[in-house]
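No value in this document is a laboratory result; all are computed from the given coordinates. None of these values were measured; they are calculated from a predicted model. Cβ sites come from the backbone with ideal geometry, for glycine too, and all protein chains shown count toward neighbours.
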Amino acid sequence: MSGTGNTVGTRGLVLNEPLIFGQGSPGRVGYSLPPSDVPEKKAEALIPRRLLRDGIPGLPEVSEVDVIRHYTRISQWNYCVDLGFYPLGSCTMKYNPRINEDMARLPGFAKAHPYQPEELSQGALQLMWELEQYLADVSGLDRVTLQPSAGAHGELTGLMMIRAYHTSRGNPRSKVLIPDSAHGTNPATSALCGYRVVPVKEGPRGVVEAKAVAEVMDEEVAAIMVTNPNTLGLFEENIVDVAKIVHAKGGQVYCDGANLNSVMGISRPGDWGVDVIQINLHKTFSQPHGGGGPGAGPVALRKHLAPFMPFPTVEKKGNRFVLDYQRPKSIGKVRAFAASFGVLVRSYTYIRSMGAAGLRRAAEVAILNANYILSQLKGVYHLPYDRHCMHECVFSDALQARNDIHTLDIAKRLIDYGFHPPTIYFPLIVKGALMIEPTETESKETLDQFIAAMRRIAQEAQENPEMLRLAPHNPRVTRMNETKAAREPKLRWQPT
Ligand SMILES: *Cc1c(COP(=O)(O)O)cnc(C)c1O
């Protein structure tokens, strides 16, 4: 019997699952075959001795049911959006409609081989071509590369195109402007592309002001990277003026579009003056993510950057769809083959099943849900920027800190109430931040339960802070010493 303390029933059945390497017994196998009716030959008779091993050290000898139970048990320790509310700010943990999965499993898509000839890949190429048109429509830009595998990868691809563009005009330039309220991947991307980061402070309303950009803008600035909506969940309302200032000195406007869920169908980044934007399909366009599912970060761009797009691009020639490798100014490939194709099928399905009006409605409800939480928790938790938000709201622990209760305690206590905690201690510009993004998925009942739990915790912070500091109390693993866990990781299971 693997595990300890198994009893029949519900509450008693808490499995302490050992590693698969700690299970099984010598000689146990996971298959059963009928007796062979052909003569048996020794491996040595077929394969040179020097290529043979005596055995594979360390592999567990387990049965099929051992394997199935092991992985099913640990899968059930996971939290996921199919189990409940997952308000992780900046991550857009929306529900993933099952029709997306059905479409991704169509044999023509699921079994397509990347080396399949173009004539036999017309359906897949058409899907990619049409998805490019839809994403260009949503972003208000001219072309889209579907290659990048994630948001940060899209940023890198976008900035490499900007660098190639400046280089083609004689000077790659040396600096990138980044507001304090941008995502941490933005400065990382700039540094990877060889640029020096010049920070721009946001104004008292939590957004960048045109004046602050004008002060640092010069002809050595290659681009500004603006996260919009920014990491405070606020719309960068001066973006049109900011773009004009940057363009006047020959710079490019890069928008980190990971938070497009609050913008799609309502407003188009191309109309703000943006030249390049990455779109996180795994966030906005519904895709299982978190815990390492595959993503995609297509990049939309203006015409003047099209020569620099990664190759191959998907083009339509008459009634045929072709891959175009003849792009001499291209920055090259940014991944193997064409893209994370299964991800593209899911997002294509999502867009087709929602329609233009549906996408707009999703954005509106995402904004409404975040503002509902904001209005119900305002005063209970400190709101550093007291104004309407977009798809997420950012509180801090300033009120609870008076009782020495901090963001981590609040987040851990939410687990006792059955909620995944929000994003904590991010953005860095808010001390003790709690960043809550409900998405359009959630019903008012769920939001009300979450709000009630948050209010209850605020009350507990006053009445019973000792108890809060030890939370969570209900799950199988309670408060951990996270520093010790990082410094002295214990990676082997030992029976207790
Ligand atoms: C999630 C996110 C990213 C990074 O996207 P990945 O797909 O995780 O690489 C970048 N910027 C913002 C604003 C984000 O929310």
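Secondary-structure-derived ellipticity at 222 nm for the chain, considering helices only, amounts to -10500 deg cm²/dmol, per-run term -39500 (n - 2.57) for DSSP H runs with n ≥ 4. Distance between the C-alpha centres of the stretch 264-334 and the stretch 203-225: 26 Å, rounded to the whole angstrom.
Taking the Cα centre of the chain as origin and assigning +1 to Lys and Arg Cβ atoms and -1 to Asp and Glu Cβ atoms, the resulting dipole is close to 920 debye.
Over the stretch 432-496, one equal point on each Cα, no solvent: what is log10 I(q)/I(0) by the Debye formula at q = 0.13, 0.16, 0.17 Å⁻¹? So the normalised log intensities are -0.63, -0.84, -0.90.
Panel order for PHE21, PHE285, PHE395, by other beta carbons found within 10 Å of each beta carbon, from fewest to most: PHE21, PHE395, PHE285. Here the alpha carbons of the stretch 67-196 define both size measures, Rg and Dmax, at 20.2, 62 Å. Quick check: the distance between the Cα centres of the stretch 451-496 and the stretch 97-118, to the nearest angstrom? Computed from Cα coordinates, the inter-centre distance equals 43 Å. Around LEU125, with a cut-off of 12 angstrom between Cβ atoms, what is the net charge of the other residues, counting Lys and Arg +1 and Asp and Glu -1? Spelling it out: positives minus negatives among the neighbours equals -3.
Rounded to whole numbers, the Karplus 3J(HN,Hα) couplings from phi for the stretch 37-45 are 10, 10, x, 7, 10, 6, 4, 4, 6 Hz, using 6.51 cos²θ - 1.76 cosθ + 1.60 with θ = phi - 60°, and x at Gly and Pro. Qualifying trypsin sites (Lys or Arg not before Pro) in the stretch 108-176, where qualification requires a DSSP coil assignment and no more than 13 other C-beta atoms within 10 Å, comprise LYS111, ARG169. Note on the chain: antiparallel DSSP beta bridges, both residues inside, total approximately 55 percent of the bridges counted.
Based on the reciprocal of the average 1/r between different C-alpha atoms, the Kirkwood radius for the chain equals 25.6 Å.
The order of the peptides 92-99, 71-78 by mean Cβ neighbours within 10 Å, most packed first, is 92-99, 71-78. Give the shape of the stretch 99-353 as rounded, prolate or oblate, defined through the alpha-carbon gyration tensor: a ≥ b ≥ c are the square roots of its eigenvalues, a/c under 1.5 means rounded, and otherwise the shape is prolate if a/b is larger than b/c and oblate if not. Note, shape of the stretch 99-353 comes out prolate. Remark: the stretch 132-250 is approximated by an ellipsoid whose semi-axes, taken from the C-alpha gyration tensor as √(5λ), come to 21, 19, 14 Å, largest first. If I model the stretch 390-435 as equal point scatterers sitting on the Cα atoms and use the Debye formula, what is log10 I(q)/I(0) at q = 0.28 Å⁻¹? For the stretch 390-435, the Cα-only Debye profile gives -1.04. Working note: Cα gyration tensor of the stretch 357-485, eigenvalues times five, square-rooted, sorted largest first, giving semi-axes of 26, 16, 14 Å. Relative contact order for the stretch 99-353: 27 percent, from Cα pairs under 8 Å spaced at least 6 residues apart, divided by residue count. With a simple spin-label model that places each label point 7 Å from the Cα along the Cα-to-Cβ direction, the separation between SER36 and LYS431 comes to 7.3 nm.
With the simple spin-label model, which puts each label point 7 Å out from Cα in the Cβ direction, the ARG320 to ILE56 separation comes to 4.4 nm.
Taking a point 7 angstrom from the Cα of ASP386 along the C-beta vector, which residues in the stretch 423-437 have backbone N less than 20 Å away? Taking a point 7 Å out along Cα→Cβ of ASP386, the residues of the stretch 423-437 whose backbone N falls under 20 Å are 430-436.
Under the criterion of Cα pairs below 8 Å and six or more residues apart, the relative contact order for the chain equals 17 percent.
One decimal place: the segment VAL216-ASN474 gains 87.7 nm when fully extended, by the rule 0.36 nm per residue minus the C-alpha distance.
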